[in-house]
Structure formats: C-alpha cells, structure tokens
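Reading through the structure tokens given below for one structure.
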Amino acid sequence: MKKIEIKTIFNEQKNRENLCVEGWVKFNRDNGKIVFLEINDGTTINNLQIVCKQENLANFSQIKNYKFSSAIKIIGDLKSTNNQKTPWEMLAKEVIFLKQANDFPVQNKEQSNEFLRDIAHLRIRTKYQQAIMKIRAELAFAIHDFFHKKGFSYISTPILTNNDCEGAGENFKIVDDKNNPFFPANASLTVSGQLNAEAMSMGLKKVYTFGPTFRAERSHTNRHLAEFWMIEPEIAFCDLKELMKIIEQMFKTIIKKTINRCQDEFNYLTQKTQKNMVAILQKLVTTKFVKLPYEKAIEILKDAYAKGHKFLDNNIFFGKDLAAEHEKYLCENYFNSPIFLYNFPSAIKAFYMKQNKDNKTVAAVDLLVPGVGEIVGGSQREDDYEKIIEKCQQRKISLEPLQWYLDLRKYGYYKSAGFGLGFERILMFITGVDNIKDVIPFPRYEGYLKY
Ligand code: 4AD
Ligand code: MG
C-alpha cells in the first residue's frame, strides 16, 4: 500500500490500486447505499471524490457522520470516471477516521471575507484562501527565479534598525529597558531595506531583498498593512530609464510564470469573483506601459477637472502629493494601462533620490496599475555627497545614524538605482482580490494584532 498525494493523483491520471490518501473532509453526502466524500489534502485546491459503498466497508454506517474538516485516511483504488467535474475518484476499501472536527466554525456554505478575516487561523481551509495562498507561494518563487536568472544576488537586510529610510516617521519603536538598554541608540523595525541594499550593491552590483517591512501608517485603506513584504532590488551603474525597463520586464515575466503555474487557482478565482484575471493579465503582459512625467500628469488632471470631472480633492497643482483618486483617474479613466509616473517634485519624495538638472524634480518613479494604484516605488539615488547632506538638513533628518550611508558616496559611488515592489499589492493586482488583508496569511493593521 503506497501513500499518495492528491496533486500527484491528478497529475499522473492513472488507474492504480491499493493507494492510501490522508486528508480532510470537505463534502459529505449520501444516497443511503453510497456515501460520497470529497477530501482535500492541501497539495492542490482540488478535492478527490471518495466513493464509499456499503458492501465494502464495515464502518459504513458511521461515515456519513464525518464532519467538515475532520481528518481521515482512505485506502482504495483509483478509477477514471466519465464525469468532467470529478475525472478521478477513489473506490474505498477501508476508511479510517483519524480526528473529528467538532463544531468547526467554517462550513461549506459561502462565508464573507470579513467573517473569515477574523478567524485567520482557520480560513486557509477554504478553497478561496487556498487558491490565494498557492498563488502567493508561486509568485514568490517566480520573483526569486526572475532575479536569479538575471544574475542578482539575494541578500538579507536588517529588520532591527536605527534609521528611518523613508523619513516619514513611521518606524515602530522598540521599547528598550531605560536602565539597562540593549541597544545604544533608538531601535525600531525597518520600513525598508534599501539603505543597506545600496551598500551591498557596491560589492555585488545587482542585489535584491525579499523581506518583511513595518510601517506605523495610520491609513485605514484596503491597501495598507502595518507589516508587509517588499522586494527591493538595487543595481549599481543603473539610471532611472534602465530601472523602468527592469521593472516592466520583471512585472511581465513574473505574471506570465505565475499564470502558467496556477491554472487551477485562477480558474477557481474567476468562477468565484466573476473577474477574469487571466484575460486581464494576458493583455497586460503584451501592452507597453505608459511613461508619464509627473508634470504632464498634473496637466491631465487639471484638464480633467476643467472639463467637469469631479475629484474629492480638486486642488491640483505642481508639488501636490497625488491621492489614490488621482492615480486611479490616470490609470483607469485616462490611459487604462499601467503607468510609470516619474520625475516627481523633490519636496514630496524621500531624501535619497537624485536631483534632476531642472533643480525641482527628482529621478523617482512609481508604477501605478489599474485597480490597485501604486505597486512599485523607486528611484535613481543621489550620488553627490554634498547634495544628499543638504537634503537631510532641509528635512531635519539627523545625520548621525545615517553617516555610514552618506559615506558610501565617498568611496566610488558613481550611480545606482533601485525600487521596492509591494508583494501584497502585486498579489491583489494579480488575484483581483480587493482587500490587502486577504492576501497575507495573518494581517496586521492599526488596532489589530490577533494570531
Ligand atoms: O514607495 P515605498 O515607500 O518605497 C520604498 O520603501 C523604497 N525604499 C523602495 C526602494 O527604492 N528600495 O514602498 C514601496 C512599495 C509601495 O509602492 C507599495 O507597493 C508597498 O511598498 N507599500 C505597502 N504595501 C502594503 N502596506 C503598506 N503600508 C505599504 N507601504 C508601501
Ligand atoms: Mg511610494
């Protein structure tokens, strides 16, 4: 008797005898003489149908009482069927009950995402969460694969830090013992691995991080988390133009790979949400992304307002930090395409971005996508030691904890560029899920720290 996983059964498509499957009950129905169980073992989102006939099973009368999510083991023979929905089923010779699930709060019926969110420790047992989390895992793999094939070195950057990379005052502070401090300076959780990635790129040329980042951002939106994962590549000798090329290529490659590897998951999500993400994504990977200077974006928005489009905030001017509604207008109404918005006013962007020759903008880029908005933020870095110091001073950023970073400019720092891709944001985009809290296993946000 050989143990087999359900994914292997569907992949191999072979009649086989005396196999053993372990999993959880997902459906249980009977017609008196036969009990049909559907079980899932987590290796695929698809369930295996088990046919339990009275004449084969001594414990037949108990089987119909096996509840949703209880654990069972079946020994039986695999048979192909003529049924498209269940092309393979197992005829049970022995059904062994392993563990009951009593009063399990998630049942077969459709549950709201809000309800499931609050039982995050159990929701992975729904097909919906299984599909999303399998796509999440495949997407992470596709990202590593993309950078690996391009010759990037995967690096780890610190989670504990004493700097605020984005300068937005959103670091979570670590409470240290005042009488006997563990760290000499203000310790906090990192908002970005970028500064350390820059240092590493000066020895490895092309590096990337893929790690958790933390922001005490009090934004109650469906696209902000207090703990999220970010991919941050950094490339020496790279400028803004080349950076946009890499972002576009990465975006298209990882999406193509994930669609290919997650066909069952996308089929299921399409059925459930009535959004055909695969069709949307397939179109996107063949479209050239729009490149739009910030100044031009302001003109478009002003013009839209002049022609009668109403924004919640209609005060549009050069220097404004665009809100989600403005990004949405550009992306969805005006271009209906992903947009590289670039050359932002210096004052609304972080201290480390390279000053352009016009002296009012910096070489920064955001990638905006329909439905989600900003998914990537990046820039060419300021390489001039004096300028970067000046920027810090203007913004009243304390130089002392950053001195090591500023010093990089003294030792052969010619040029580098990099970006941060919000992992949950791209997952929202790919899956069509409209709340970021549903694409991470255990979400953390203001006021919520369960599980
Ligand atoms: O634009 P951000 O703040 O850029 C940086 O952190 C740079 N240091 C990156 C770099 O150049 N190495 O953040 C990058 C991306 C955003 O575009 C967004 O996708 C995501 O991170 N992000 C969040 N995702 C979820 N919840 C939040 N609170 C997020 N804040 C940013
Ligand atoms: Mg940003």
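The values are calculated or read from the model by the stated rules, or taken from the named source; none is laboratory data. The structure displayed is predicted, hence computed values, not measured ones. Cβ coordinates were reconstructed from backbone atoms using ideal geometry, including for glycine residues, and neighbour counts include every protein chain displayed. All accessible areas refer to the heavy atoms of the entire protein, side chains included, with ligands and DNA or RNA removed. Shrake-Rupley method; radii C 1.70, N 1.55, O 1.52, S 1.80 Å.
Each of SER80, MET90, TYR66 was placed along the dipole of segment 49-100 (beta-carbon charges, centred on the mean Cα), and the one lying farthest toward the positive end is TYR66.
Taking amide H as placed 1.01 Å from N in the peptide plane, the amide H of MET230 sits under 5 Å from that of GLY211, THR213, PHE423, each at least 5 places away or on another chain. Over the residues of the chain, the helix contribution to mean residue ellipticity at 222 nm works out to -8500 deg cm²/dmol, using -39500 (n - 2.57) for each DSSP H run of at least 4. For ALA101, the residues whose amide H sits under 5 Å from its own are LYS67, SER70, ALA71, ignoring neighbours fewer than 5 places away on the same chain, with H placed 1.01 Å from N. Computed from Cα positions, the angle between helix 294-306 and the longest principal axis of the chain comes to roughly 80 degrees. On a per residue basis, the chain carries 49 Å² of accessible surface, using protein heavy atoms and a 1.4 Å probe. Taking the longest Cα principal axis of the chain as reference, the axis of helix 194-204 is set at about 90 degrees. Derived scalar couplings between HN and Hα for segment 272-280 equal 6, 9, 6, 10, 8, 4, 4, 4, 4 Hz in order, rounded to whole Hz, by the Karplus curve 6.51 cos²θ - 1.76 cosθ + 1.60 (θ = phi - 60°), x for Gly and Pro.
Amide H contacts of THR44: LYS7, each under 5 Å away and 5 or more positions distant or on a separate chain (H built 1.01 Å from N in the peptide plane; Pro and chain starts excluded).
As an exercise, use a Förster radius of 45 Å and the Cβ-Cβ distance of GLN62 and PHE442 to find the FRET efficiency, rounded to the nearest 0.05. With R0 = 45 Å, the Cβ-Cβ based efficiency is 0.80.
Compute the distance in nm between two label points, each set 7 Å from the Cα along the Cα-to-Cβ direction, one at ALA101 and one at LYS14. Roughly 3.1 nm, to one decimal. Taking Cα atoms only, the orientation of helix 240-261 departs from the longest principal axis of the chain by about 0 degrees. Hydrodynamic radius of segment 123-438 by the Kirkwood approach over all distinct alpha-carbon pairs: 20.7 Å.
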